[in-house]
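Visitor: Pasting a structure here, questions to come.
The values are calculated or read from the model by the stated rules, or taken from the named source; none is laboratory data. Remember, it's a predicted structure, so these values are computed and weren't measured experimentally. Cβ placement follows ideal geometry from the backbone for every residue including glycine, while neighbour counts extend to all protein chains displayed.
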Amino acid sequence: MIMKPCTNHPPEEFLLDYATGSLPDAFALILATHACMCPACHQNIRALETLGGFLSMQASGEKTNALPTPAPSLPDTSCIPLPPITGWMGLRTLPSCLAHCMEDVPPPSAWPEILPGIRAFPLPSVDAKLHLLSFAKGVQAPNHCHDGLEMTLVLDGELQDGKTLFSIGDVATCDTGDCHAPKAGSRRNCLCLWATENDLVFL
Ligand SMILES: [Zn+2]
(Lines give C-alpha, C1' and ligand atoms only; values in the text may rest on other atoms or scores of the structure.)
Protein backbone atom coordinates (compact mmCIF):
# COMPACT_ATOMS: atom_id res chain seq x y z
CA MET A 1 0.00 0.00 0.00
CA ILE A 2 1.32 3.45 -0.88
CA MET A 3 0.71 5.84 1.96
CA LYS A 4 1.18 9.58 1.77
CA PRO A 5 3.71 11.06 4.21
CA CYS A 6 2.23 11.98 7.60
CA THR A 7 1.51 15.66 8.01
CA ASN A 8 0.93 15.70 11.74
CA HIS A 9 3.73 14.13 13.74
CA PRO A 10 3.95 13.71 17.52
CA PRO A 11 5.71 16.74 19.10
CA GLU A 12 9.50 16.24 19.07
CA GLU A 13 9.80 16.66 22.85
CA PHE A 14 8.02 13.31 23.25
CA LEU A 15 10.36 11.42 20.93
CA LEU A 16 13.29 11.54 23.39
CA ASP A 17 11.00 10.56 26.31
CA TYR A 18 9.86 7.62 24.19
CA ALA A 19 13.39 6.60 23.26
CA THR A 20 14.57 6.67 26.88
CA GLY A 21 11.53 4.70 28.07
CA SER A 22 10.15 7.56 30.24
CA LEU A 23 6.92 8.21 28.29
CA PRO A 24 3.76 6.64 29.84
CA ASP A 25 3.05 3.35 28.06
CA ALA A 26 -0.21 4.42 26.35
CA PHE A 27 1.52 7.39 24.69
CA ALA A 28 4.58 5.26 23.90
CA LEU A 29 2.29 2.88 21.99
CA ILE A 30 0.85 5.82 20.01
CA LEU A 31 4.40 6.90 19.08
CA ALA A 32 5.41 3.32 18.19
CA THR A 33 2.33 3.01 15.98
CA HIS A 34 3.02 6.35 14.31
CA ALA A 35 6.65 5.28 13.74
CA CYS A 36 5.42 2.16 11.91
CA MET A 37 3.51 4.46 9.53
CA CYS A 38 6.01 7.34 9.28
CA PRO A 39 9.54 6.60 8.00
CA ALA A 40 10.86 10.02 9.18
CA CYS A 41 9.80 9.51 12.82
CA HIS A 42 10.87 5.86 12.68
CA GLN A 43 14.39 6.95 11.78
CA ASN A 44 14.44 9.68 14.47
CA ILE A 45 13.21 7.32 17.18
CA ARG A 46 15.74 4.59 16.32
CA ALA A 47 18.57 7.17 16.42
CA LEU A 48 17.33 8.52 19.76
CA GLU A 49 16.98 5.01 21.19
CA THR A 50 20.64 4.36 20.42
CA LEU A 51 21.57 7.71 21.98
CA GLY A 52 19.37 6.96 25.02
CA GLY A 53 21.12 3.60 25.48
CA PHE A 54 24.51 5.30 25.20
CA LEU A 55 23.60 7.99 27.75
CA SER A 56 22.27 5.48 30.29
CA MET A 57 25.52 3.48 29.86
CA GLN A 58 27.54 6.65 30.50
CA ALA A 59 25.43 7.50 33.54
CA SER A 60 26.01 4.06 35.05
CA GLY A 61 29.77 4.42 34.49
CA GLU A 62 29.80 1.28 32.37
CA LYS A 63 32.90 1.11 30.20
CA THR A 64 32.65 -1.04 27.12
CA ASN A 65 33.55 -0.89 23.49
CA ALA A 66 30.32 -2.64 22.55
CA LEU A 67 27.72 -0.69 20.62
CA PRO A 68 25.05 0.75 22.94
CA THR A 69 21.79 -1.15 23.01
CA PRO A 70 18.49 0.75 22.88
CA ALA A 71 16.86 1.67 26.19
CA PRO A 72 14.06 -0.74 27.12
CA SER A 73 10.68 0.58 26.02
CA LEU A 74 7.63 -1.47 25.03
CA PRO A 75 7.38 -5.27 24.85
CA ASP A 76 7.76 -5.55 21.09
CA THR A 77 7.43 -2.49 18.91
CA SER A 78 8.86 -4.00 15.73
CA CYS A 79 6.52 -3.22 12.83
CA ILE A 80 4.52 -6.06 11.28
CA PRO A 81 1.61 -6.03 8.83
CA LEU A 82 -1.76 -6.64 10.48
CA PRO A 83 -3.33 -9.65 8.72
CA PRO A 84 -6.74 -8.88 7.19
CA ILE A 85 -9.44 -9.39 9.84
CA THR A 86 -13.15 -9.62 9.05
CA GLY A 87 -14.91 -6.35 9.86
CA TRP A 88 -11.63 -4.50 10.16
CA MET A 89 -9.81 -1.99 8.04
CA GLY A 90 -7.42 -3.09 5.32
CA LEU A 91 -3.82 -4.09 5.80
CA ARG A 92 -1.82 -1.76 8.05
CA THR A 93 1.66 -1.95 9.45
CA LEU A 94 1.47 -1.77 13.24
CA PRO A 95 3.76 -2.45 16.20
CA SER A 96 3.58 -6.22 16.70
CA CYS A 97 2.28 -5.80 20.30
CA LEU A 98 -0.73 -3.85 18.95
CA ALA A 99 -1.26 -6.04 15.87
CA HIS A 100 -1.45 -9.20 18.03
CA CYS A 101 -3.77 -7.46 20.50
CA MET A 102 -6.14 -6.35 17.70
CA GLU A 103 -6.61 -9.92 16.49
CA ASP A 104 -8.69 -10.49 19.66
CA VAL A 105 -10.65 -7.22 19.52
CA PRO A 106 -14.28 -7.51 18.32
CA PRO A 107 -15.41 -5.34 15.37
CA PRO A 108 -16.25 -1.70 16.30
CA SER A 109 -20.02 -2.29 15.99
CA ALA A 110 -19.74 -4.46 19.14
CA TRP A 111 -17.96 -1.83 21.28
CA PRO A 112 -19.82 0.18 23.96
CA GLU A 113 -21.19 3.51 22.68
CA ILE A 114 -19.68 6.21 24.92
CA LEU A 115 -21.29 9.14 23.08
CA PRO A 116 -23.84 9.18 20.22
CA GLY A 117 -22.04 7.69 17.19
CA ILE A 118 -18.76 7.15 19.07
CA ARG A 119 -17.70 3.72 20.33
CA ALA A 120 -14.67 2.83 22.45
CA PHE A 121 -12.82 -0.37 23.29
CA PRO A 122 -10.30 -0.30 26.17
CA LEU A 123 -6.80 -1.69 25.64
CA PRO A 124 -4.42 -2.66 28.43
CA SER A 125 -2.33 0.25 29.75
CA VAL A 126 -0.44 0.78 33.00
CA ASP A 127 -0.13 4.52 33.48
CA ALA A 128 -2.70 6.26 31.21
CA LYS A 129 -5.98 5.38 29.49
CA LEU A 130 -5.74 3.67 26.11
CA HIS A 131 -8.69 2.93 23.81
CA LEU A 132 -9.56 2.11 20.26
CA LEU A 133 -12.12 4.71 19.22
CA SER A 134 -14.61 4.49 16.36
CA PHE A 135 -16.46 7.56 15.05
CA ALA A 136 -19.38 6.91 12.69
CA LYS A 137 -18.85 8.93 9.51
CA GLY A 138 -19.65 12.61 9.92
CA VAL A 139 -20.08 12.35 13.72
CA GLN A 140 -18.65 15.18 15.82
CA ALA A 141 -17.56 14.79 19.46
CA PRO A 142 -19.17 17.30 21.86
CA ASN A 143 -16.97 20.31 22.67
CA HIS A 144 -14.66 19.41 25.56
CA CYS A 145 -11.40 20.48 27.24
CA HIS A 146 -8.36 18.62 28.53
CA ASP A 147 -6.73 18.36 31.92
CA GLY A 148 -3.56 16.54 30.87
CA LEU A 149 -2.15 15.05 27.71
CA GLU A 150 -4.21 13.45 24.93
CA MET A 151 -2.92 11.84 21.74
CA THR A 152 -5.18 10.51 18.98
CA LEU A 153 -3.72 8.55 16.09
CA VAL A 154 -5.87 7.95 13.01
CA LEU A 155 -5.80 4.28 11.96
CA ASP A 156 -8.50 4.54 9.31
CA GLY A 157 -10.64 7.31 7.77
CA GLU A 158 -10.12 11.00 8.55
CA LEU A 159 -10.61 13.28 11.56
CA GLN A 160 -11.17 17.03 11.26
CA ASP A 161 -9.99 18.94 14.32
CA GLY A 162 -10.40 22.71 14.01
CA LYS A 163 -8.72 23.70 10.76
CA THR A 164 -6.57 20.56 10.58
CA LEU A 165 -7.53 17.36 8.76
CA PHE A 166 -5.85 14.30 10.25
CA SER A 167 -5.40 11.32 7.92
CA ILE A 168 -4.14 7.76 8.43
CA GLY A 169 -0.98 7.77 10.57
CA ASP A 170 -1.40 11.36 11.75
CA VAL A 171 -1.29 12.16 15.47
CA ALA A 172 -3.43 14.93 17.03
CA THR A 173 -1.97 16.11 20.37
CA CYS A 174 -3.87 18.14 23.01
CA ASP A 175 -2.65 19.22 26.43
CA THR A 176 -4.07 20.88 29.55
CA GLY A 177 -6.34 23.81 28.67
CA ASP A 178 -6.89 22.78 25.04
CA CYS A 179 -10.55 22.53 23.97
CA HIS A 180 -11.90 21.00 20.78
CA ALA A 181 -14.68 19.04 19.07
CA PRO A 182 -13.09 16.65 16.52
CA LYS A 183 -15.31 15.36 13.72
CA ALA A 184 -15.04 12.25 11.55
CA GLY A 185 -14.80 12.68 7.77
CA SER A 186 -18.10 12.29 5.91
CA ARG A 187 -17.00 9.47 3.56
CA ARG A 188 -16.24 6.65 6.02
CA ASN A 189 -16.08 5.77 9.69
CA CYS A 190 -12.93 6.91 11.48
CA LEU A 191 -10.93 4.50 13.61
CA CYS A 192 -8.39 5.90 16.07
CA LEU A 193 -5.96 4.82 18.77
CA TRP A 194 -6.59 7.19 21.67
CA ALA A 195 -4.52 7.82 24.80
CA THR A 196 -5.50 10.20 27.62
CA GLU A 197 -3.98 11.05 30.98
CA ASN A 198 -7.25 12.17 32.59
CA ASP A 199 -10.98 12.29 31.94
CA LEU A 200 -12.30 14.83 29.44
CA VAL A 201 -14.06 17.96 30.72
CA PHE A 202 -17.30 18.48 28.77
CA LEU A 203 -18.52 22.06 28.40
ZN1 LIG B 1 6.10 11.28 11.98
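Visitor: Considering only residues that are surrounded by 15 or more Cβ atoms within 10 Å (Cβ to Cβ) and either among the aromatic types (Phe, Trp, Tyr) or farther than 21 Å from Asp17 by Cβ (or both), which ones fall in the stretch 139-164?
Guide: The answer is Val139, Gln140, Ala141, His144, Val154, Leu155, Asp156, Gly157, Glu158, Leu159, Gln160, Asp161.
Visitor: Starting from the stretch 36-59, take each residue that is of a type in the set (Gly, Ala, Ser) and list its partners that are within 13 Å of the ligand (Cβ to nearest atom), counting only C-beta distances under 8 angstrom and pairs at least six apart or across chains.
Guide: Ala40/Pro5; Ala40/Cys6; Ala40/His9
Visitor: So, one more: Output yes when any residue across the stretch 86-95 is assigned to a loop (DSSP other than H, G, I, E, B), among the aromatic types (Phe, Trp, Tyr) and either modelled with pLDDT of 85 or more or within 16 Å of the ligand (Cβ to nearest atom) (or both), and no when none is.
Guide: no
Visitor: Here is a further query. If we scan the stretch 104-125, do we find a residue that is buried (at least 20 other Cβ atoms within 10 Å of the Cβ) and in a loop (DSSP other than H, G, I, E, B)?
Guide: no
Visitor: A further question follows. Does Val154 satisfy being touching a helix residue (DSSP H, G or I) at 6+ places or on another chain (Cβ under 9 Å), under 29 Å from Ser78 (Cα atoms) and of a type in the set (A, V, I, L, M)?
Guide: Judged against the criteria, Val154 is not a match.
Visitor: Related question: Based on what the data block shows, is Thr173 modelled with pLDDT of 95 or more, out of contact with any Lys or Arg (no Cβ under 8 Å at 6 or more places or on another chain) and within 16 Å of Pro10 (Cβ to Cβ)?
Guide: No: the conditions fail for Thr173.
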